[in-house]
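I have placed the structure first, in the form of structure tokens, so that the comments after it can refer back to it.
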Amino acid sequence: MRRLYLAEDQELLNSALKMLLDLEDDFEVVGTSLTGEDVAKQIMDLKVDVALLDIEMPKQSGLEIAKELRQQNYPGKIIILTTFARANYFKEALAQKVDGYLLKDSPSDSLVKAIRAILEGNTVFDPKLVSGVLNEIDNPLTKRELEILKMLEQVATTKELAQRLFLSEGTVRNYISSILSKTGTASRLEALNLARDKGWI
């Protein structure tokens, strides 16, 4: 019997996935959570064979839990469940040597097949997620431009931004003009949304 743990913050999906996995004769879901809090400890204490982790959860993300498990030399398999094809998420998943990177809304039989393949020693990444990441253009922005773009999430005016960065307003305007030009966007908000979607920030 393979022991599974499921951390997924959407309650209906959590219940549906648990029910689906428990239908398999050789799978037993020994624990579930709707947040990331204490999940790594529970997985270690319950001696789980497969940890299925939602990429975004309250308290602690699936990737943070994966990192914590790797630091504790967790011997089991780690599968990240996501709806996001973002480059920064994918790179972090690779860095944590996850065994699976799968779409939440995959057909139920696909998820079961993927878990079985992973238990046999394979690595399974959903092709839709991988192609979504590979199709992203390289980040054209400098480190400073990314810093300014990220600050635009909290700062509304050029003047305030200039004060925080200890730069002249003219210099900040030049940076913003460069950001818009490089990203092909028409506004700060559009550039910010693009950078988020591409996983640059």
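Pairs meeting the criteria (first residue in the stretch 175-201 and surrounded by 14 or more Cβ atoms within 10 Å (Cβ to Cβ), second residue aromatic (Phe, Trp, Tyr), beta carbons under 9 Å, at least 6 apart or on different chains) are 194/200; 199/84; 199/89; 199/90. The residue pairs whose first member lies in the stretch 39-61 and is farther than 17 Å from residue 77 by Cβ, whose second member is acidic (Asp, Glu) and open to solvent by 10 Å² or more (accessible area, probe 1.4 Å), and whose beta carbons are closer than 7 Å, counting only pairs six or more residues apart or on different chains, are 57/9; 58/9; 59/37; 60/37.
Looking at the stretch 26-48 only, could you name the residues that are exposed (fewer than 14 other Cβ atoms within 10 Å of the Cβ) and part of a helix (DSSP H, G or I)? Result: 41, 45.
Here's the yes/no breakdown for (1) at pLDDT below 90; (2) touching a Phe, Trp or Tyr at 6+ places or on another chain (Cβ under 9 Å); (3) surrounded by 15 or more Cβ atoms within 10 Å (Cβ to Cβ); (4) not charged (D, E, K, R):
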residue: 102; (1), (2), (3), (4): no, yes, yes, yes
residue: 107; (1), (2), (3), (4): yes, no, no, yes
residue: 132; (1), (2), (3), (4): yes, yes, yes, yes
residue: 139; (1), (2), (3), (4): yes, yes, yes, yes
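Selection of first residues in the stretch 76-87 that are at pLDDT 85 or above and of second residues that are among the basic types (Lys, Arg) and in a loop (DSSP other than H, G, I, E, B), restricted to Cβ pairs under 7 Å at least 6 apart or on distinct chains, gives the following pairs, ordered by first then second residue: 81/104; 82/104; 83/104. For the stretch 1-25, a tally of residues being among the aliphatic types (A, V, I, L, M) and in a loop (DSSP other than H, G, I, E, B) returns 2. One residue stands out among those in the stretch 61-84 that are open to solvent by less than 40 Å² (accessible area, probe 1.4 Å) and part of a loop (DSSP other than H, G, I, E, B): the one that is farthest from residue 128 (Cα to Cα), which is 74. The number of residues in the stretch 141-155 being among the β-branched types (Val, Ile, Thr) and surrounded by 15 or more Cβ atoms within 10 Å (Cβ to Cβ) comes to 2. Taking the conditions exactly as written (in contact with an Asp or Glu (Cβ under 7 Å, 6 or more places away or on another chain) and exposed (fewer than 14 other Cβ atoms within 10 Å of the Cβ)), does residue 159 satisfy them or not? Spelling it out, residue 159 is indeed in contact with an Asp or Glu (Cβ under 7 Å, 6 or more places away or on another chain) and exposed (fewer than 14 other Cβ atoms within 10 Å of the Cβ).
Against the test of being open to solvent by 40 Å² or more (accessible area, probe 1.4 Å) and among the aliphatic types (A, V, I, L, M), the options 17, 23, 52 yield a single qualifying residue, 23.
The values are calculated or read from the model by the stated rules, or taken from the named source; none is laboratory data. In this text the structure is predicted, and so the values were computed from the model without any measurement. FYI the Cβ positions are ideal-geometry reconstructions off the backbone, even for glycines, and counts take in every protein chain you see. The accessibility values were calculated without ligands, DNA or RNA, using every heavy atom of the protein model including side chains. Shrake-Rupley method; radii C 1.70, N 1.55, O 1.52, S 1.80 Å.
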